[in-house]
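Working notes, structure below.
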Amino acid sequence: MNRSVTAEPDPDTTALAAQVRAGERRALAQAITLVESTRPDHRARTAQLLDELLPSTGNAARIGVSGAPGVGKSLFIESLGLHLTSLGHRVAVLAVDPSSIRSGGSILGDKTRMESLARDPNAYIRPSPSGGTLGGVARRTREAMLVAEAAGFDVVIVETVGVGQSETDVDQMVDVFVLLVSPGGGDELQGIKRGVMELVDVLVVTKADGELRNAAHQAAGDYRHALHMIRPKHKGIEPDVVVTSALQGDGIDQVWTLITAHAKTLRDSGALTSLRAEQAKAWLWNEIREGLLDRLKANERVQELLPTVEPAVAEGRLSPTSAAQRLLNESDV
Ligand code: GDP
């Protein structure tokens, strides 16, 4: 078994870690490909890589950006990203795309998105890893975030399509969660789950230009009111609402000002330290859960039993409860 905690360090991985820390772009891409791999020997190398990179991580502003398809995420992130690189920041954009899990169609994976930002030498864009489970995709994105931080990116943006669980997963890896909404206001507001509203640190109403300008300002008022009714995510820190037009570049600098102010408040109050500590602990348990599941599925006895046990459950001859107990008892994971 590969157990990186006890095994001899692999010299190639140590070399890769050094290249990542030196900011070599090819090494960064290679390291992220490594963390995205599910092969057991690659998982062991990933664990070593992350251990070696860990002292160089944690210094970036970690920002989650979420919103429904078509709300304007790519244009917004591109505009924000270019604004940030013009200020001298180095920006990594990573994606958690639930639609990439079934591999076929990926909403965020489209290569033509954010073309100008992709060409910027101070930006790095990585589409969502595909396949596996949402938990698996989130786990690989978290790891990619550490790699990007070690490579010297001081702003990491994690993008996700707003379709439920993925917002919570992204919220668990960032400092500040930004929700993008269209100028629709009222009706759309009803469509946003309360659970998602509870995650919001900064709410951005997009497309505030042309005919939609007034509607956007109206919607901002509605959202301000709605957020006011919700228990604040961090005690004593109110979420912010801002209108933007990525098309015209309006409000983008204001979003960044609000994000940094938010992050500063969190840092100064000590909330950021405890937030990241909680996130790291939650990540540990996620790793344990995913790791146990991987081992269980790879277990010989489980593989022997599954072809009879699974159909028995499907056909109602065996309860899922006793089937699960049997599989767990007979495996040695
Ligand atoms: P995503 O699916 O959330 O990534 O959304 P996109 O960024 O691809 O934008 C969806 C559509 O909205 C595209 O046709 C964009 O041109 C348009 N759009 C995005 N931002 C703005 C904006 O600030 N103003 C206007 N008028 N249209 C925008």
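So that you can scan it fast, the table gives a plain yes or no per residue for (1) within 12 Å of the ligand (Cβ to nearest atom); (2) at pLDDT 95 or above; (3) surrounded by fewer than 22 Cβ atoms within 10 Å (Cβ to Cβ); (4) closer than 30 Å to residue 260 by Cβ:
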residue	(1), (2), (3), (4)
81	no, yes, no, yes
84	no, yes, no, yes
90	no, yes, yes, yes
96	no, no, no, yes
100	no, no, no, no
103	no, no, yes, no
109	yes, no, yes, yes
116	no, no, yes, yes
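Just the residues that are away from the ligand (no atom under 14 Å from the Cβ), surrounded by 14 or more Cβ atoms within 10 Å (Cβ to Cβ), of a type in the set (A, V, I, L, M, F, W, C) and not in a helix (DSSP H, G or I), please, taken from the stretch 195-248.
The answer is 199, 200, 202, 203, 237, 241.
From the list 25, 39, which residue is exposed (fewer than 15 other Cβ atoms within 10 Å of the Cβ) and touching a residue at least 60 places away in the same chain (Cβ under 8 Å)?
25
Look through the stretch 56-67, keep the residues that are modelled with pLDDT under 95 and crowded, with 18+ Cβ neighbours inside 10 Å, and return whichever of them is nearest to the ligand (Cβ to nearest atom).
By that ranking, first place goes to 67.
Using beta carbons and a limit of 6 Å, which pairs, at least six apart or on different chains, have the first residue in the stretch 64-85 and farther than 23 Å from residue 279 by Cβ and the second one among the β-branched types (Val, Ile, Thr) and near the ligand (Cβ under 9 Å from one of its atoms)?
Note: pairs meeting the criteria are 69/107; 69/161; 71/206; 72/206.
Residues are listed down the side, and each one gets a yes or a no for (1) touching a residue at least 24 places away in the same chain (Cβ under 8 Å); (2) over 27 Å from residue 61 (Cβ atoms):
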position	(1), (2)
178	yes, no
181	yes, no
189	yes, yes
195	yes, no
198	yes, no
206	yes, no
215	yes, yes
224	no, no
229	no, yes
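The values are calculated or read from the model by the stated rules, or taken from the named source; none is laboratory data. Since we're looking at a predicted model, the values are computed, not measured. Neighbour counts run over all protein chains shown; Cβ positions are idealised from the backbone, glycine included.
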